[in-house]
1. In percent, what relative contact order does the chain have, based on Cα pairs under 8 Å that are 6 or more apart in sequence?
2. Give me the extension gain from residue 48 to residue 375: residue separation times 0.36 nm, minus the current Cα-Cα distance, reported in nm with one decimal.
3. Between segment 117-162 and segment 71-96, how far is it from one alpha carbon centroid to the other, in angstrom?
4. For residue 399, what charge total do you get from the other residues with a beta carbon under 9 Å from its beta carbon, if Lys and Arg give +1 and Asp and Glu give -1?
5. What dipole magnitude, in Debye to the nearest 20, does segment 497-700 give about its Cα centre under +1 on Lys/Arg Cβ and -1 on Asp/Glu Cβ?
6. Rounded to the nearest 5, what is the percent of antiparallel bridges among the DSSP beta bridges in the chain?
7. How do 83, 597 rank by accessible surface area computed with a 1.4 Å probe, from largest to smallest?
8. Which order do peptides 727-738, 265-276, 773-784 fall in by mean Cβ count within 10 Å, highest first?
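The values are calculated or read from the model by the stated rules, or taken from the named source; none is laboratory data. As the structure is a computational prediction, the values presented were derived from the model and not from experiment. Cβ placement follows ideal geometry from the backbone for every residue including glycine, while neighbour counts extend to all protein chains displayed. Side chains are part of the model used for accessible areas, which takes the heavy atoms of the whole protein and leaves out ligands, DNA and RNA. Shrake-Rupley method; radii C 1.70, N 1.55, O 1.52, S 1.80 Å.
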Amino acid sequence: MKVPISWLKEYVDIDLPVEELAERLALTGTAVERISHVGLPAAGGNLDRFVVGRVVSIEPHPNADRLALCRVETGPETAQIVCGTRNFREGDRTAVCLPGGMLPDGRRLEAAEIRGVRSEGMMCSESELGLAAKSAGIMILPEDAPVGARLADYLPVSDEVLELEITPNRPDCLSVYGVAREVAAVTGARLKAAPVRDIKPRGDDNIEELVNISVSGPDLCPRYGARLIAGVRIGPSPAWLKARLIAAGLRPVNNVVDITNYVMWTLGEPMHAFDLAGIAGRQLTARSAVKGEEITTIDGVRRRLAPGMPVIADGEKPVAIAGIMGGRDSEVAAGSTDILLEAANFDGRSIMEASMALSLRSESSTRFEKGLDQELVLQALAMASRLITMIAGGRLVPGQYDIQAKPFEAGVIHLRPHRVAALLGAEVPAAEIRTILTKLGFKVKKEGAGLHAGVPSFRADVEREVDLVEEVARVFGLQLIPPSLPSGMRAMGGLSWEQACRRRLVQMLAGRGLNEVITYSFIGLDFADRLRLGESDIRRDAARLANPLSAEQSQMRTLMLPSLLMTVSANLAQRNFDVNIFEVGRVYYPVKGERLCDERETVAGCLCSFLQGQSWRGNTRGPDFFTGKGLVEALFKELAGSCSVRRTKEPFLHPGKAADIIVSGSRIGYVGEVHPLVLRAFDIDRPVVAFELFLGELIASSSEIAVFEDLINFPASFQDIAVVVDEDTPAAEIIAVVREAGAPLLHNVRVFDFFTGSQVGPGKKSIALNLEFRSPQRTLTDAEVDSARALIVRALDERLKASLRL
C-alpha cells in the first residue's frame with residue numbers, strides 16, 4: 001500500500017520527518033517496507049525553481065517558424081521563454097521551470113540561446129513533470145492558480161511515499177484515511193473528518209425509473225449501492241488528480257475512472273463505473289455465474305466463468321466479475337455520458353476463490369477478499385458523486401440504490417483496566433486507555449470499574465477483551481513495557497525421542513565432515529531418465545505441480561538423490577571440489593485416489609571429496625563404497641541400532657559397488673557409488689558415493705535405553721582366522737554364521753583383510769576375520785577360546801563350504 005505523505009496530510013495534522021513517522025508506524029504494527037520519492041527532486045532548493053507562471057505575450061521566433069517567443073510572468077519578474085508548442089494562449093497559467101531546476105529524470109535546465117534568442121526557462125508539459133507517460137503540449141493550469149507561487153505548493157509534484165505492508169486483518173489500513181487514523185492515534189495528531197461530503201441531486205427523474213438493480217444472493221453481496229450521474233464529459237483528469245494516482249502507483253485513465261480509483265485509495269472502498277448505454281435492458285443483478293458464461297474484461301481478455309463465481313449481469317450477460325474487474329462492453333470511454341456508479345460489499349471468500357481460479361488479481365479483489373466495512377458503500381458514493389460532478393460535469397440523478405441484507409450492529413466489549421495490567425505486565429492509566437481507544441475509532445464509555453468499547457464497523461478483527469488489550473499495547477508503546485517473566489507454573493521444554501535422535505544424526509554427520517544443505521522439493525520432468533529408472537518403477541510417477549515456476553521445478557521428488565546431485569554439480573561448476581553434503585528432507589509418493597502425497601522423511605548424502613581433507617603426504621583415500629557403508633553404519637551405531645546389507649539392483653548405482661540397507665528384514669535405503677552414466681547426466685566428472693535412508697525406520701531401529709557393558713574387569717582374548725569361500729559369498733553372510741556359532745563367548749567380529757589370487761584358487765576369495773572373545777563373569781581360558789573357535793570353523797565348513805587358509 002503506497003501512501004503519499006502530502007495525501008496523508010490532507011486528513012491528519014502532522015509535521016514529523018517522514019523517517020520518524022515510519023519508525024512510529026513500525027513500532028505499532030504497521031510495517032514500512034521502504035520510503036521512496038516521486039516527482040521533482042526536493043533537495044537543494046530544487047522545488048523553488050518550479051513556479052506557476054502566466055503567459056503575458058506570444059510572438060513569433062525571429063529565426064524559426066515553428067518556435068514561439070513568450071514572455072511569462074513568474075512573480076515579481078517576467079521571463080523570456082522559447083517554446084516549441086502552441087496549445088496555450090495569452091493569459092494561461094502554466095508550470096514554469098526556472099534556470100537551475102532539475103526534472104524528475106535528472107536533467108537540469110539552464111538558460112540557453114535557442115536559434116539566437118536567449119531562453120530563461122521552460123514551460124513544462126505533464127510528461128516532463130512526471131504526471132503522464134506522454135503529453136501533447138504544455139500543461140495548462142486552472143485560472144485560480146496563484147502566479148509566482150511554488151508549483152509544489154499548488155500541485156503534488158514532489159512527494160515522499162510510504163510503502164506499507166498491511167496485515168490481512170487490517171483492511172481498514174488499505175486506504176489513506178485508514179492510515180491517517182492510525183497516524184493520529186500513534187502521534188496524537190488531530191484527525192480531520194472523512195472527505196464524504198455529499199451533494200444534492202437535480203432533476204425530476206429518479207434512478208429507479210431509469211435502471212432496475214437487484215441482488216439475487218445476499219450471502220454473495222451483503223450490500224449493494226448505486227447512483228446515476230447524467231451528462232458527464234469524459235476527458236483527462238486534472239493535474240492534481242493525476243499526480244495523486246501516479247504517486248500511489250496507479251495509472252491515470254480518464255476523469256471518471258480516475259475518480260473511482262482515487263476514492264478507493266482514499267476510503268478503501270473499491271468502486272466501478274458503468275456506461276449506462278452499455279447495460280442491456282437497463283437492469284443489473286448481482287448474482288452467481290452459470291455454466292457456460294463468458295466475459296471480455298477491460299484488459300481485453302476473454303474469460304470463461306465457472307458456476308458460482310460472483311458477477312454483475314445486465315439483461316443479457318455478465319458485465320463485470322464482481323469485486324475483481326469490469327467488462328469491456330460497459331466500460332466508461334470517450335463517448336460515455338450517463339454513468340452508473342457502483343459501490344458494494346462482496347463476500348471475501350467468494351472473491352478470493354474466483355480471483356485464484358481466474359488467475360486475476362486487482363486492487364479491488366485485494367481489498368474485498370480481506371473483508372470490507374459495509375458502511376463505506378454510501379460514503380464512497382457520496383465522495384465520488386461530488387468529485388465527478390465537480391470535474392466531469394453532469395448532474396446527480398435523484399435517488400439511489402442501497403440494498404442491504406442486514407444493517408451493521410456494533411459489538412460492545414467490556415475492558416477491565418486491571419486485566420490490561422495483568423496481560424501487559426505494566427500499568428496503563430484508565431484515562432490513557434480511553435484516549436487510545438477513542439482515537440482508534442472505538443466508542444468508549446465508563447462502566448463501573450471498567451470501560452465499554454463499541455467496536456467500529458471497520459474493525460471486524462476486534463472481537464474479545466484481549467484484542468482491545470492488544471490495541472492499547474501497540475499504541476501505548478510495546479517498547480515502554482518493561483520485560484518480565486510470565487507468571488504461573490514453570491514448565492521445562494525438551495525434545496521428543498524422535499527429535500533428539502534427529503538432532504544427534506545431524507550433529508554426527510556434521511562432525512564427520514559433511515555440510516548440511518537444504519534443497520528444493522521440486523525436480524524436473526527428466527529426473528527419472530537421468531537416474532535410469534525403469535519404465536515400471538513407481539518412483540517415476542511423481543506428483544506434478546499445477547503452476548510450476550520452471551520446467552526444472554515441475555514435480556515433487558520421489559528420491560533425494562537428484563536434488564543432491566544437482567547441488568554437487570553446481571558446486572563443481574564453481575570449482576568448489578570439497579563437496580560432502582547431507583540433507584534431512586522429504587520425498588513424496590502419490591497415493592492413488594488421494595489428493596495428498598505420502599510424505600516420507602529421509603536422511604541422504606553425497607560424498608565426492610576427502611572426508612579428512614587432502615594431505616601433502618598424498619596418502620589420503622577418496623570416498624568409495626566402503627566409505628559410504630561405514631558412514632551408514634556409524635549412523636546406526638550413533639543410535640545403538642544395527643543393520644545389514646545385501647546386493648542392490650538400483651539402476652542409478654554402480655553394479656557391484658552398492659548395497660541395500662536392511663533392518664529387521666525390510667529395505668529402508670541404499671548406499672553405493674553412483675553409476676557413471678548418471679554422473680554424466682548431471683555433468684559430474686568424478687566418483688560420487690550416495691546414501692539415502694528413511695529416517696523413521698532408522699530411528700525405530702534404535703534403542704532408547706543405553707546398556708552398560710563391563711570392558712575392564714575381565715580381559716578379552718583375540719584370535720584371527722582367514723577363511724576361503726566362494727567369490728560370490730557376501731561378507732555379511734560369513735559374519736552372521738560366525739556370530740551365531742561363536743555365541744555366547746564371541747563378543748565381536750570384524751573383517752580386516754580381503755584377498756583373491758592364484759593362492760586361493762579360481763572363483764575363490766579369502767576373508768580375514770578378527771575374533772574377540774569375552775565373558776562378563778570371568779576371564780576365559782585358552783581351552784574355552786579354542787573350543788569356541790573350533791565351533792566357528794565347523795559351522796563355516798558345514799554352512800558355507802569354507803576352509804581355513806593356512
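1. Details: 1594 pairs, mean separation 66.3, N = 806.
For the chain, the relative contact order is 8 percent.
2. Details: separation 327, 0.36 × 327 = 117.72 nm, distance 4.28 nm.
Gain in length upon complete extension: 113.4 nm.
3. 12 Å
4. Details: positive: 227; negative: 205, 208, 209.
Summing Lys and Arg as +1 and Asp and Glu as -1 gives -2.
5. Working: 26 positive and 24 negative charges, 78 e Å.
Result for segment 497-700 is approximately 380 debye, rounded to the nearest 20.
6. Details: 135 of 141 bridges.
That works out to approximately 95 percent antiparallel.
7. On the way: 83 10, 597 40 Å².
So, going from the largest accessible area down, we get 597, 83.
8. On the way: 727-738: 15.4, 265-276: 25.2, 773-784: 12.7.
Per-residue mean Cβ counts within 10 Å order the peptides as 265-276, 727-738, 773-784.
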